[in-house]
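Participant: First the structure, then my questions, so here it is.
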Amino acid sequence: MLLIVENGNAFHHITSLNLHGSTITNSMASILGIMLKRKNTLQKLNLYRCGLQPEGLEQVIKGVQVNTKLETLDLSNNTIDNKTALCLGGMWKENDSLQQLGLRGCELQPGIRRSDQRYDVENNTLKRQYLQGCGLQPEGLEEVIKGVQVNTKLEILDLSYYTIDNKRASYLGMMLKVNSSIQKLDLTVCRLQPEGLEEVIKGVQVNTMLETLDLSHNTINNKSASCLGMMLKENNTLKKLNLHRCGLQPEGLEEVIKGVEVNTKLETLGMSHNSIDNKRVSCLAHVLKHNTTLSHLWLWGCGLRDEAISELCGGLKLCKLKTLKLWDNPFGDQGAKGLAEILKDHPTLEELDVRGCKEMSDDGVQHLMDATMSDTRVKMLRVSEKYRHLVPQELVGRIQLSYL
């Protein structure tokens, strides 16, 4: 690695340098910083888990600060202390080429917050900011959110696995009300409390740019679900909503479904691993008959039995779905037969996933395969590996097997 960074000419001929896992000493980092200051063609530099020390990391950052070509820099899993964070803030302020910066697992100290704020306000080139695992303290996260509020270029904000308290959630909601650039927001496993979650949802309700919202693994009570349903009725930009493992109760789930019914933009809805009773399945079937935009529906692990699948099929006949994921549900051959009838002549359905549905016998799976054979519009049927012996030669490539 030392030979690479000492040879300045190398940077005149390559556009990507991957040093992932290499041990970079302070002297090597200093040479790397010098190379980055020189005119070169390097566009992507990966320094993931390189054991960079603060002094060496500062030299690299100073090189990036004046670099005019680098677009992607990954510093993940290197320790960044307060002094280095300030240096990082100075780089963000002056560099006008960097588009992606990875800082996962960098153990950022609270002192980084002012750097983040200065960067987010003034940098107009970065499009993605992944803060997962960076160890930001609540105060630092607050400053990041305030910076994002006036940023005009950031398109993706990943705050997954942060614990976001009500105060910071309130700031996030305010940011969403005025931000005009973020298109994707990931809040997976943020341990959002009901009050904070409602503030975020209210921000999304009036946001005019957000297209993807992931609230997976956050508990959503009935009141928050009602707020979510209201948001879906009014928001006209959200295309993808993931509510995986949100502990939705029947009444709350119904409110969300009613919101989807009148929504005219949502294309993907994930409700996997939320228990859905027959009454709510009936509501969902009714929505599928009328909603004209929903293309992808994820219902795996929802406890759906034969009766529920029969209810769902009533809505599937008239819907516009392209993908239906039902794996790990306890329905059997009766449900499989109903789905097979839908597959035979459905105008849009291209993919059906029934992996891990252990109550189905060979007969049920055979019905699904026969239906797939009869309709070439079905591009993919996903079933468990144990049904390999049923796959005819004609369907090889259209049947995907899994050990689920």
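Participant: Over the range 235-377, what per residue volume does the convex hull of the Cα atoms give, in whole Å³?
Facilitator: Details: hull volume 12.4 nm³, N = 143.
Cα-based convex hull of the range 235-377, divided per residue, equals 87 Å³.
Participant: Looking at the range 207-319, what % of the alpha carbon pairs are farther apart than 22 Å?
Facilitator: Values: 1463 of 6328 pairs.
Tail of P(r) above 22 Å: 23 percent of Cα pairs.
Participant: Could you tell me the accessible area of Lys44 in Å² (1.4 Å probe, neighbours in place), rounded to the nearest ten?
Facilitator: Using a 1.4 Å probe on the heavy atoms, I get roughly 100 Å².
Participant: Further, regarding this structure: Of all accessible surface on the range 228-305 at a 1.4 Å probe, what whole percent is carbon and sulfur?
Facilitator: Numbers: 1320 of 2980 Å².
With neighbouring chains kept in place, the figure for the range 228-305 is 44 percent.
Participant: May I pose another question? Please report the spacing between the Cα centers of the range 251-277 and the range 175-192 in Å, no decimals.
Facilitator: The distance from the Cα centre of the range 251-277 to that of the range 175-192 comes to 19 Å.
Participant: Continuing with the same structure: How do Thr376, Thr72 stack up against each other in accessible area, from largest to smallest, with a 1.4 angstrom probe?
Facilitator: On the way: Thr376 115, Thr72 35 Å².
Of Thr376, Thr72, the descending order of accessible area is Thr376, Thr72.
Participant: Determine the order of Tyr171, Tyr161 by accessible area, beginning with the largest, at a probe radius of 1.4 Å.
Facilitator: Working: Tyr171 55, Tyr161 135 Å².
Ranking Tyr171, Tyr161 by accessible area, largest first, yields Tyr161, Tyr171.
Participant: Which percent of the accessible heavy-atom area of the range 328-404 goes to carbon and sulfur, probe 1.4 angstrom? Don't skip to the answer; put the middle values down first.
Facilitator: Details: 1770 of 3770 Å².
Ligands and nucleic acids excluded, carbon and sulfur give 47 percent.
Participant: Shape of the range 269-353 from its Cα gyration tensor (a ≥ b ≥ c, root eigenvalues): rounded if a/c is under 1.5, otherwise prolate when a/b > b/c, or oblate? Intermediate results must be reported in sequence, preceding the final value.
Facilitator: Values: a/c = 1.39, a/b = 1.18, b/c = 1.17.
Cα axes put the range 269-353 in the rounded bin.
Participant: Could you calculate, for the range 165-271, the ratio of the Cα radius of gyration to the Kirkwood radius, expressed as Rg to Rh? Walk me through the numbers before you get to the answer.
Facilitator: On the way: Rg = 12.2 Å, Rh = 13.3 Å.
My calculation puts Rg/Rh at 0.92.
Participant: Please calculate how many Å² of accessible area the range 289-400 carries per residue, with a 1.4 Å probe and no DNA, RNA or ligand atoms counted.
Facilitator: On the way: 5050 Å² over 112 residues.
Heavy-atom accessible area per residue stands at 45 Å².
The values are calculated or read from the model by the stated rules, or taken from the named source; none is laboratory data. Since the model is a prediction, treat every value here as computed from it, not as a measurement. In case anyone asks, the SASA skips ligands and DNA or RNA and just uses the protein heavy atoms, side chains included. Shrake-Rupley method; radii C 1.70, N 1.55, O 1.52, S 1.80 Å.
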